[in-house]
Amino acid sequence: MDDGQQVGQADIGDVPQTFGDAVVLLDVREDDEWQRGHAEGAVHIPMGDVPARMGELDADATLYVVCHAGGRSQRVAQYLSRNGFEPINVTGGMLAWAEAGRPVVTDDGGVGTV
């Protein structure tokens, strides 16, 4: 997925804390990582599923891409950029999210871990 395509980067302080139709946080971690904990309101599409599921993403939305530490999300953001999106990679990933004291939840609304 990586061809060196430049994409925007956002430090965790520049990433919104709430998400919806206009602002999307795309979490590209694997299912087990997501189940342990994620940002509330994030959209989960594992990295390997992104090419087949791009149609689920709104190209007009502000799209932040996150993974565990920032590497996989960078590659996915580059791929999305080549396919008509303007994604922003979240520098530091979910590790930075949790380190900043932002909530991490499980699917049932419990407290999650990264």
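The table below gives the values:
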read-out: Hypothetical label at ARG102: residues of the range 32-51 whose amide nitrogen lies under 17 Å (7 Å Cα-Cβ projection); value: 34-45
read-out: Ordering of 100-112, 13-25, 30-42 by burial proxy (mean other Cβ atoms within 10 Å per residue, highest first); value: 30-42, 13-25, 100-112
read-out: Value of [θ]222 nm, deg cm²/dmol, for the chain, DSSP H segments ≥ 4, -39500 (n - 2.57) each, nearest 500; value: -6500 deg cm²/dmol
read-out: Pairwise FRET efficiency - GLN9 versus ALA59, Cβ, R0 = 25 Å, nearest 0.05; value: 0.80
read-out: With Cα atoms, 0 to 90° folded angle of helix 71-82 axis to the chain main axis; value: 40
read-out: Whole-angstrom Cα spans of the range 8-105 along principal axes, big to small; value: 33, 27, 23
read-out: Percent of Cα-Cα distances greater than 17 Å, calculated over the range 7-57; value: 43
read-out: For the range 89-94, Karplus couplings with θ = phi - 60° (6.51, -1.76, 1.60), whole Hz, Gly/Pro x; value: 7, 8, 5, x, x, 5
read-out: Amide H partners (placed H, <5 Å) of GLN9, local residues excluded; value: ASN89
read-out: Portion, in percent, of the accessible area of the chain that falls on carbon or sulfur, probe 1.4 Å; value: 45
read-out: Point-to-point label distance, LEU95-ARG82, nm (Cα→Cβ direction, 7 Å offset); value: 2.6
read-out: Of PHE85, VAL111, ALA98, farthest towards positive along the dipole that unit charges on Lys, Arg, Asp, Glu beta carbons give the range 65-114; value: PHE85
read-out: Alpha-carbon centroid distance for the pair the range 45-80 / the range 4-30, whole angstrom; value: 9
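The values are calculated or read from the model by the stated rules, or taken from the named source; none is laboratory data. On a predicted model such as this, the values are computed, not experimentally measured, just so you know. Note: ideal-geometry Cβ built from the backbone for every residue, glycine included; neighbour counts use all protein chains shown. All accessible areas refer to the heavy atoms of the entire protein, side chains included, with ligands and DNA or RNA removed. Shrake-Rupley method; radii C 1.70, N 1.55, O 1.52, S 1.80 Å.
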